[in-house]
Every structure is written in structure tokens, then in C-alpha cells.
1. Could you tell me the relative contact order of chain A? Use alpha-carbon pairs under 8 Å, at least six residues apart, and round to a whole percent.
2. Restricting everything to alpha-carbon atoms, can you work out Rg to Rh for the range A:4-120 with a Kirkwood hydrodynamic radius?
3. Can you find, among C:441, C:396, C:495, the residue sitting farthest towards the positive end of the charge dipole of the range C:373-551, where Lys and Arg contribute +1 and Asp and Glu -1 at Cβ?
4. Hey, got the dipole for the range C:313-369? About the Cα centre, +1 on K and R Cβ, -1 on D and E Cβ, debye to the nearest 20?
5. How big is the charge dipole of the range C:599-640 about its Cα centre, in debye rounded to the nearest 20, if each Lys and Arg gets +1 on its Cβ and each Asp and Glu gets -1 on its Cβ?
6. What is the distance in Å between the Cα centroid of the range A:1-40 and that of the range C:451-477?
7. Quick one: dipole size for the range C:7-70, taken about the Cα centre, charges +1 on Lys/Arg Cβ and -1 on Asp/Glu Cβ, in debye to the nearest 20.
8. Can you give me the Cα centroid spacing of the range C:333-388 and the range C:12-33 in angstrom?
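Each value in this text was obtained by applying a stated rule to the coordinates, not by laboratory testing. It should be emphasised that the depicted structure is a prediction, and the values quoted were computed from it without experimental measurement. Note that we place each Cβ from the backbone using ideal geometry, even for glycine, and neighbour counts take in every protein chain shown.
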Amino acid sequence: MAKKILTVDDSASIRQMVGFTLKSAGYEVSEAPDGQAGFAQAQGARFDLVLTDQNMPGMDGLSLIRALRKLPSYGATPVLMLTTESSEQMKTMGRAAGATGWLVKPFDPQKLLDVVKRLIG
Amino acid sequence: MVQATIERTVSDEAVGTLRELLVFTLGDEQYAIDILKVQEIRGYESVTRIAGAPAFIKGVVNLRGSIVPIVDMRLKFALGEASYTPFTVVIILNVLERTVGIVVDGVSDVIQLAPDAIREAPEFGAAVDTAYIEGLSQVGDSMVIVMDIERLMSSAEMSLMEIERHAQSGQQQGGAVNG
Amino acid sequence: MSIDMSQFHQVFFDETDEHLANMESLLLELDLAAPDEESLNAIFRAAHSIKGGSATFGFSDLAELTHVLENLLDRVRKGTMALTSPMVDAFLHAKDVLGAMLAAHRGHGAAVVGDDVATVRSELEAFAAADDPARQTIPATPVAAAAAEKHTLFIEIDADSGADIPAIIADLGMQGALETVQDAAGDPVRPWVLRLDSPLDVTEASETLSFVLAPESFRITRDLGADESDGFGLFIGAPAAPDPDVAFEEDGFGLFTPLATASTPPEDDSFGLFEPLSTAEAVAAKTTPAAPAAAAHVERGVGGGENSIRVNIEKVDLLLNLVGELVITQSMLVQSGSVLDPVDHERLLNGINLLQRNSRELQEAVMSIRMTPVAFVFNRFPRVVRDMAQKLDKQVELKMVGENTELDKSFIEKLSDPLTHLVRNSLDHGIEAPEVRVAKGKPAQGQLTLRAFHQGGSIVIEVTDDGAGLNRERILAKARERGMAVTDTMSDDEVWGLIFEPGFSTAAAVTDVSGRGVGMDVVKRNILTLGGRVEIDSLPDYGTTIGIHLPLTLAIMDGMSVRIGQETYILPLSFILESLQPVAGDVKSVNGRGRVVNVRGEYLPIVTLAQMFHVPDAKRAPTEAILIIVESAGTRVALMVDDLIGQQQFVVKNLENNYHKVDGLSGATILGDGHVALILDVSTIVRSNQKAAQGLTALAVAEA
């Protein structure tokens, strides 16, 4: 059965690009335009991996990650932060929130696939 | 009830050479108009009168959801009896992005004319003002008056449009500003 | 795998357009004295998104400029830099350049000149340079290498842990260099996050904290070295992270080597350390479901975006055409069906009837897709007004009313130019300079209002200013100059109409702002081409209102159908107060001029619609007819009709599309049987009877 990935990003073009990349590699992809919608979708289905942007209106990425981690079903799910910078602060906050790792934007689609493969196969 | 849609035949030679025209009768005369301005032909029915309009504007009809005014050419040009029977013909025109209908005595044919077949019209007492006449042509036994229907329908005297679209005299119909 | 990114470009371009527009309107709305935090965040996010997207899709010019902009915006939203008007100007300027870059990438405009970019960059950077970064990074302890072993720990403390966290932080700070990465004071949901460089290792730090905090309310992790080469990284030991023994040393990757938490005493599994699976789950099990908390934290949902989708306009037009074809087809069926015996073919005919209804509903539904809020046209004006007012040294406040009013999409684009010209005119010639206004006793700041509303089968868009008004004398003089036939006795309306003549500009000095008088006649022609009309109202020193009336392609109204003679007419329900059949005693004739009816002591003029609309064979006696009491703009009259037919919803069709405006009618509708019924323009009918109404009622009262 195909692995399911949830992409959360307020940019439609990024969502499309990520979705296309992952689908081409055989994953099932769902999209959400912001943290709240992402959280709702995550609760509604069981995802094998969550990719989330940081800066989004309403519920931002870190808040989403924290919220997800408090759900029993997502305690162990890989969650990747899509971030525009790799600063100490980002890493600190990300780790504190419970992220599994991070990927810096702009990223090469191939790198995205490598990371995802590494995390969920 | 007469109802038909015009099929447009486009031949390669038609471009730039032959003109396709629809011929209709009005009183004793035969008029020909550019087929491209003709949307369809219908019968005369269910016209809703509009108060205050000139007598030759019979009113409006519902044409698949659009409100279309109907002009009786026979009344406008004072051509004999204007009767309304199941055989009365209305030509629906598309002129200047508007749809209007004209009541005529009958529709004959679609003809093709080469530009040189249309001779300049002398001043002769046709019902329609020569300003709207492009020329005359011989079709079989009869003489056909080639008319610029768009110019006629948009003229001030037809009272269909707010302003004279071709802006000949530069004068505007009243009402637009004072609304 | 190589993916063709260009397939996403269009979406990115549209997205960026929206971000830029959003940025601009938020910037214009900002109150510089007390800028709204959420607005600042939204502006920052817009720039941030543009940067991210343009970098991803390779538009480096956009990315670089946005990066500079974003840095400034970040400082402003964090409060480390004050926001000034010149800064807003610079931001708007940057937005313009970004817009130009975007247009060039779309293929719509010339490539942006390097000088323009450099100019705006230096503008922005000048602000940045003038303002020293306020944030101090915690200085690394000197001679770190030679000192006692230092650990860099990340400490997360839940805000509701009940303890005096600032005190705890102060204490920790004594141990070494402490940075508050996330300050959660007053925040009910987010935790404090601290970074501590000190000799304390994880165990020692957690022991220290355990004295004052419940173990489940804090988490400590350790960073054994940041790596610079990262495009990607995994927190070792984080939930679902792969086997920590496997080291990643690839370029662009970064990993944190294992934490020292392995040595944590097993029974103390209540710390939320980044341990594999089991601990994380245990921690999760202890905490209450976070959903409500998460929900409370969310400030506002995404505006509208989730309930709408983007559709190419061509698809909508195609859909409309197909529906049109469908309607024609079903008409043909109706036709064919009409010659059939209704009894033999009852089912077929019923089906055709149903089909007719369905296709009409479908047609209306599809047409409504094309209806777009007029806000799309209005939105450019805050910027236009601001720029122009600045240029003209005038103070103007722009108000916009009824932006949600909808009209056909095709009009949106065609309305933009005429409206811009009218606005420019108002600013240029209408609203006076502040000194002039004050001298007249008006407030220095002028008011410009854009208003949109539906009226019958039309949409009306008004541009109103409280300026000098049109100068009647000047207009007449100019008209005479140009040899036009004018008289002093012309009505105001006629005089105002003159300004639509080609080449007519009464501006004393033609400013470059509103042109050489080629404007108004083009405006009028444009509106007439759309099937609309322009109306002017003006009063000296009071102001001017110019109204653009455009036909609505779709409007649905509640109406009452009435019969007059053999004809059916429609009255908009909103005007109707009541209907009655009067008794003879209540109807009075006044001097043979007209009739009034007594309704509960009030005398109302009776308007004989049959007379007004020349309807033959209508009832003459009010006592045999029905009187419908209507009210418009405070005046009441009684409309006389033969009969009431019924009340229902009608789709308003306009007459102007193929015909022209008719006095007394506000449109037409198509009845269930396919016939056209005319909709009465109650407001003008009442108005034209107003004077008569006043005269009549006074007399009637006297006579009564």
C-alpha cells in the first residue's frame, strides 16, 4: 500500500510542486493550506509523514508540530519542517516542538525524495 | 410557425470575393443583407409591448433568456398592411453586439454576390433611405436592394440605441446623461 | 529525477500577485502610530512567501529583493524597528518593482531596469543601516575552548507549569550564558524555550529544574554541534528519526549526534527528551488531548481561501456556452412536444417541462459564477488616491462602500479605466487644496467615496467628492467658446452633460494628472458601449457625485406580478407596503385633476398605471381595481392595477443590452410561460408623482 504524506504550506505553487514530486515517486499526497487545516486532516486520516512549512497564517508550523505530537497516533510519525533558513533558532525551536528534522527551502526535488525515502521508505 | 436557423456556408472563394446575403421582401421590394448579421429566423409571437416606444417598435420578446426588441419594418417604412399571422417572419439580427428582431413580409433566399455585381443605386424612391443602401443587384428576374442593415438599425431614427454608433453627425440621442 | 518546474509557474505568478496586492492594501491601512500586530505579521508573511516561492522556482531577482524587504519587515513586526511613513513609501516602492519583475517573468512587461532595482534596494538598506540591530546575541563565554567543558542545552518549559518561570530563568542564567529563544510570558499555549551554554550537562540541568518544576512540564535536549552545511537535517532521537548510529556525512545534510540522554535513569522517563518512540508515546499518553488547546491558539481561519477554487475564465465561458446550447436544445424539444397530444404523451411532456425548469436553473447558476465583487476594481484605489493626493498636496480620505456588490466579470476589467479617470478628476478638480477648504469652512481633509449598490436590474457605482462642485458658469462659458449652442436657461443636468463633449476640459490649468480633457467623453462612450449610462449630480462647494449605471447580467428579486388590462407587470416587493380595494367613500377626486385615496386618515395620490403606460382595456374605477400602496424615499403613493397575480422570485433582465433604458421601467423578466413581463421602476414613478402628491394631499385635506 502506498505511503501517505501530508503537505502543509500556504503557497499553492509549493504544494503543487511538492505534491507532484512525491506522487511521481508513488506516494499518496494530501495537501493543506494552513496549520489548522493540516491538523484537521491529520486527525481525519493516518499519515506516514507530515511536511510542514513554518510561516503560515493562523496556526504556524511549530504550533502544528506541537499539536500533532500530542496526538497519540502521531507521537511517532516523522514530521519534517520546511524552513527557509537553517539557523540555531530554527533548530532549537523545531526540536523543542518535536520535529523529526528539517529541510531548507528552496530544495531540490531529488533531495526531498531522498529524505522522504530515508524516513518512510 | 416558421422557424429556422441559418446555416452559414463558408467557401474558400467567399473570402474576399463573393458575399453571402439573405434576401427578404418588404412590400413590393426585395432587400438583401449580410448573412453574417443574421442570427436566425423566427415567427412572430408573444411580444410584450413597451409603453412610450414608437409604434414601429412592437415590443420585446424572450429569445432563450435574452430580452430582444422587435421592430416592424413594414410599419417603420409605411409599407402596406402589417398583419401578424402564424406565417409572419421575424429576422433576428446581430448588429453592433446587440440582438434585435425585424418583422418583414417574407424571407426568400440566401444568395451569393460578387462585389462587382452590386451597382451603385441612383436616387430612386425606395422605402429605405439611400443612406442605408449599398447598391442594387440583379438576381434572376428581380432587382435586389443591398442594404447596410447594421447602419440602419443603429441609426437614430430606429430609436433602438442610445447614441448613433457610427457618430455621423456627432449629435447624441438625448436621455443618456439625464437618465 | 528532473521535474519541469515551469508547470507550477503560473500558479506561483498568480499567488505572488495576490501576495503583492495584499501587502499593498495592508501597508496602506496601517496606523503608523499603533500598527496592528497581525497586519505586520501578515505583511511579513506575504514577503516571506514570495521569497520562498521565487527561490524555489528560480526567480532570483524576486528572491533577492524580497529578501531585503523581508528582513526589514521582520524587524518592524518584532518591534525592534519603528515604522515610519517614508519606510512605508519604500515598501510600496519595493512592491511596485517586484510587481514589475513579476510581469516581466510572465511575459507581460519589459524587463526591470537594473537601476530601478538598485535604487529601491538602497532605499531599503538605508533604513536598515540607520537602525542598529537591537538584539544582542549572548556572547559565547570567552576562551570557550580552554574552559571547563561546556554544554549547550535547549530547555523547553511549559508556560502553565505554575512556577515563577522568570525567576527560574534568572537562576539558570547564573550558571552560564542563557538566551531566551522563545518568550512565552502571557502566552497560554506556547512553551518557553531557552538556550543555555553552561557547564551543566543534561542530567545536572534537569536535576536543577526538578526542584522547582514538575518533570513533565519541561524538556531538555542537547546540541553537540551545529553544522553549517545543512539543507537538511534530522534530530537524532527525535520521534521517528532513523537509527542514530548511522551517521550522515553527506553534503547538504546535517545531523545531531546522539544525545547524552541514553544515560538517563530509566525510571525517569517523564522528561520529554528526544528519545525514540517509547518515551515519546509515554509522554503523549500523559498529556491531555491537545486539540482544544491548539484550536484556542489559532487566531483566525484562513480567509475564504478554503471555500474557493481558481478556475480559468475560459472554462467558465465554455460552460456558459454549453449551457446556452442546452437551453436551445430543450427549446427545440418544447417545440416538438407542443404538437403532440398531451394525453398520449403525458410523461414525455412532463419530462420536457421539468427539463425546461432544470436548464433555466442551470443557466442562472452558471451565470452567477461570472459575478465578481466590485472590490476587485476598488482595491487599486487606496494606492491611487494616496499617490495622487501626495502629488497634488491635498489631503484626501477615501471611503469605499458596498465592495461586496457583485457584477459580471467582464465589466470589472472595463470599469477600471473609466473609474480611474473619474477618481482622478475628483482629486484634481473636485477636492480643493487644504487651505482653500479651510477658508471655505470645510475640514482640510477632503472626502472621496466610492459606492456600489444594486438598483433594479442595474449596478450603480458612484464616485462622490465633497469638493468644489461643477462650475456652471465656467462650463457654459467654455461651451460658448467652442461654439456650442447653449443658453443660460439650460437645466443643471443639461449643463453637466456638456462636460462629456469631446475636448471639453474646464480645468484652468491642465495638469498632467488628469489629462488634456480627452477624458470624460471617452468615459461616457466606454460606459455606453457596455450598455450603461452616466449620471451627474453637483452642488457648488458641496460636492459632485458621478454615477455609473451598468446593466446587471443577473439579478434576482422578490416581486409581485400584477395584471393591468391584458398585460402583466412586476412590482419589486421591497417597495410594497400593502394592497387594498378601496370603498367608494375613501376615494376622492380633486378638482378633476386626480384622485386620492384615504388610507387610515392619510391621503395618498392614486397613480393610474394604465394611463401611465397607455394600457387599453384596463379597469377605470378604483373601487373595482386594486390599489397597491408603495413607498419610496419617504413618499407614498397608491398604484392602481386590475388584479394581483402572485408573488415570487424573478430573474431581472435588463433592457439596455439590446434596447435602451425606458422611463418608468427598471428591467424585464421572463415568466414561467416564456413571456416577457416588464418590471416597474417604482422609485421614478413615485418621484414623478411626488410634486403632484404634495399638491394633491394638501388640497384633499382642505377639501375633506
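1. Values: 196 pairs, mean separation 28.0, N = 121.
This gives 23 percent for chain A.
2. Details: Rg = 12.6 Å, Rh = 13.8 Å.
The Rg/Rh ratio comes out at 0.92.
3. Final value for the positive-end residue is C:396.
4. Details: 4 positive and 8 negative charges, 17 e Å.
Computed charge dipole of the range C:313-369: roughly 80 debye.
5. Details: 4 positive and 4 negative charges, 10 e Å.
I would put it at about 40 debye.
6. Taking the Cα centre of each part, the range A:1-40 and the range C:451-477 sit 51 Å apart.
7. On the way: 2 positive and 13 negative charges, 57 e Å.
I would put it at about 280 debye.
8. 35
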